[in-house]
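In what follows, a single structure is set out as structure tokens and then discussed.
Nothing in this text is a laboratory measurement; each read-out follows from the coordinates by a stated rule. Note that the structure is a prediction, hence the values are computed from the model and not measured. Cβ coordinates were reconstructed from backbone atoms using ideal geometry, including for glycine residues, and neighbour counts include every protein chain displayed.
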DNA sequence: GAAGATACGGAGGCACCCTCCGCTTAACAA
DNA sequence: TTGTTAAGCGGAGGGTGCCTCCGTATCTTC
């Protein structure tokens, strides 16, 4: 919303403001314009429709048109495509986050993780634009798009930690790693059978995450480096 | 190159019989123009540079400019961006394919698969545009871009089959599944530590692929559904 | 009701995609 | 060599999308 772009917002405090400058006073008290609030909501609504249907590449001008606002208005409220994604899918990210919270009470911690991942697949299946949020959370690094990244990392991290402390899962995988792998698998949606394929692959993956029973730990985890990899090329 | 596109061309001639015969004859013998051959090569060379550096999104007009040809010439030789990718990375795909062949003589079939996947990561790391080839092979379905898809599927399939028949790997995963998962993981490159992350995840994944020792086989592998061979396509 | 802050919209500049077509040029035959 | 002609060339041009900028309209406040 950013009602007052300048002024590093000192927050509702009359005294300091008065002292510092007149300018701040108006910034503090003036409430956001009604049309601005309305338009922002319209754009969000339109973006949800357009992104869910058309995926992350959808035209922003189409969004603006659908919302019945000018392209300039869209850009004022959401300066980048990413901002818009984050706003549109914030709720979904929160839902995933809450789901992780709930799953922490499940008996089997490994299965809890698996179920969380499966839910993630469903989200992506329903909302084609969701994958862009994942992409941004994962690809843009933690600084930008902090919200989604943090929430998702935390969600996956809590499930991971629980499984690790229970001794059910190997300890050398970070939540970020897992998030990236998950996102990567979801990314190749769009072919016919993608959903089933991803679910199969996730099962394989979760199986791989289980703590090795030491019986068949053969050559793995002896050397974290990559000794036997390349060969000439 | 398509040297004789038409040939339904009735044109210039007096007898019907003449048409067919003459037509075929000239089509057969006329050799491709030297400038066409030269330009095609130039475009390929430029595309390799541009794609390796700029990734799959790079501008085709930049490629044309770098090659010193008009944009029309580029499009004539490679009607779609995908065609260009395939031509540029054909050799790389072949190399990966051959590597799979070599790895079939390794002792441990599971490890062979792992090594192949790791080599794939290296290819992607070196050539940023390579990921586009993977994307096309995986995403566009088997009909188009048949070359890369077939080669890669075959390569991964042969390694997979060997491991499965050796009883070292679960049998309910298809080469296509695996290829997609692999590509997906590679797709999220571009952050700092992506390569290490992907290698870790691939290890996890391959571990998950190992045949379950029946001790902890919980709900998995209820329906193998597909013979150990590749099936379909 | 007036003033001033705030938001609106869309024109316009840029980049890229891809097609189309008049001109050029290489291959071949005579 | 020269003429013929298909094949190839290049780039203008039309389309789409991104994003910015600024004159105008509207809202809030007094």
Counting other chain Cβ atoms within 10 Å of each Cβ in B:190-198 and taking the mean gives 4
Once you average over the residues of B:107-116, how many Cβ atoms of partner chains fall within 10 Å of each Cβ?
2
Relative to the other copies, what are the label-point distances for residue A:98, with labels 7 Å from Cα along the C-beta vector, expressed in nm at one decimal and sorted shortest first?
5.7
For residue A:154, place a label point 7 Å out from Cα along the Cα→Cβ vector, do the same in each other copy, and report the separations in nm, one decimal, smallest first.
5.2
What Kirkwood hydrodynamic radius, in Å, does segment A:89-209 give when the mean of 1/r is taken over all pairs of distinct Cα atoms and then inverted?
14.3
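Which FRET efficiency value, to the nearest 0.05, do you get for residue A:57 and residue B:154 by plugging their Cβ-Cβ distance into 1/(1 + (r/R0)^6) with R0 = 30 Å? Display every interim value, and only then the final one.
Values: r = 32 Å, r/R0 = 1.05.
Efficiency at R0 = 30 Å is approximately 0.45.
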May I ask you to report, in nm to one decimal and beginning with the shortest, the distances from residue B:45 to the same position in the other copies, taking label points 7 Å along Cα-to-Cβ?
5.9
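Is there a simple number for the mean count of other chain Cβ atoms within 10 Å of the Cβ of residues in B:170-179, and what is it? Before the final figure, lay out the partial values.
Working: counts 3, 0, 3, 5, 3, 0, 3, 8, 4, 2.
If you average over the peptide's residues, the count of other-chain Cβ atoms is 3.
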